[in-house]
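Read the figures in this text as sums done on the coordinates, not as results from a lab. This is a predicted model, so every value here is computed, not measured. We place every Cβ from the backbone using ideal geometry, glycine too, and count neighbours over all the protein chains shown.
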Amino acid sequence: MQEVIVNVLFIAVLVVLAGTLFFDVRKKRNRMKTAEREGVELAADLNSKLPEGYVVLKDLYILTKLGRSRIDYVIVSPQGIFALEYRELYVYINADEEGSRWTFAPGIKGKPFTSPLYQSKVHLHCIKELIGDKPGLKSYPMVAFPTVAEIKLKNPSDECFVGLVPEVIPFIEKWQGEPCLSAEEVAAIVELLKLNSEKVHEMEKPEPAKEIPEEYKAFIPADFRDPEEDDEDEDYEDEDEVTEEDRLPEAQETQDEAGSAAASDNVQVQASSADADSDTQQK
């Protein structure tokens, strides 16, 4: 009789464990589907809900001093340039706008990954270098997550966005002050970025870089305040992290190759800027 009771209890425990596992897997699958669906919806919203004169570029390649990188979305507008990264993470996210390493659950400690906001800041820096001398040009780094994610954010700032998909369009639309680009300048910059993206995409992929350039360190001041913070995270190898092509740092410096290729296009943008300034004086 005692053996029967033990067997029944054992079977009951197995049933409970199996049921728990089933619901956990189902919940995770539903969250994954939500993240994928909202990624598609985000692309549609960017192309349909932004004000007139805003141009959306998707999967844009650019060469940084760390190598080749791909930007999910670049929005060029009279109000400035927005660089948006979308991550299909559907768990708890600990983010620091001033740090290069963020973490996401599962686990008590969390798994580290490269800050997409840091990536976005570097992308905008390189876009400005490509455009050339344009005083007053505004730029806004952005990172969006699906609504099933929960974000804990440190050191937030007004001109950076780290949030959920439904908040993306309102953030872009809230910047409605004095325009810093004319319609002609927007068109010229869009054409320059497209041509440069094609050239960079056709290049042979460089080897990963070892160190962060000095000018990029200004984007991640939290990394240099306390050398004891996140020491263990830096040595953690994250198999679920984004691909090398989307990651910074990722390759040796080959900026000169793309810079010379885009030089003629850069001249056209600056010429367009000069013509537009004489009519609109919108710098």
message: 5 Å is the cut-off here: which amide hydrogens, built 1.01 Å from N in the peptide plane, fall below it relative to S139, excluding neighbours closer than 5 in sequence?
response: I81
field: Whole-Hz ³J(HN,Hα) from phi, Karplus 6.51 cos²θ - 1.76 cosθ + 1.60, for the range 133-139, glycine and proline x
entry: 5, 9, x, x, 5, 9, 9
Peptides ranked, highest mean first, by Cβ atoms within 10 Å: ranges 5-13, 121-129: 121-129, 5-13
query: Per the Kirkwood formula on distinct C-alpha pairs, the Rh of the range 22-111 is how many angstrom?
result: 15.8
- prompt: Once phi is turned into ³J(HN,Hα) by the Karplus curve 6.51 cos²θ - 1.76 cosθ + 1.60 with θ = phi - 60°, what whole-Hz value does each residue of the range 33-45 show in order, with x for glycine and proline?
  reply: 5, 4, 4, 5, 5, 5, x, 5, 5, 4, 4, 5, 5
- prompt: Which entries in K111/K174; K49/K194; K58/K134; K128/K154; K49/K152 show an alpha-carbon gap greater than 31 Å?
  reply: K111/K174
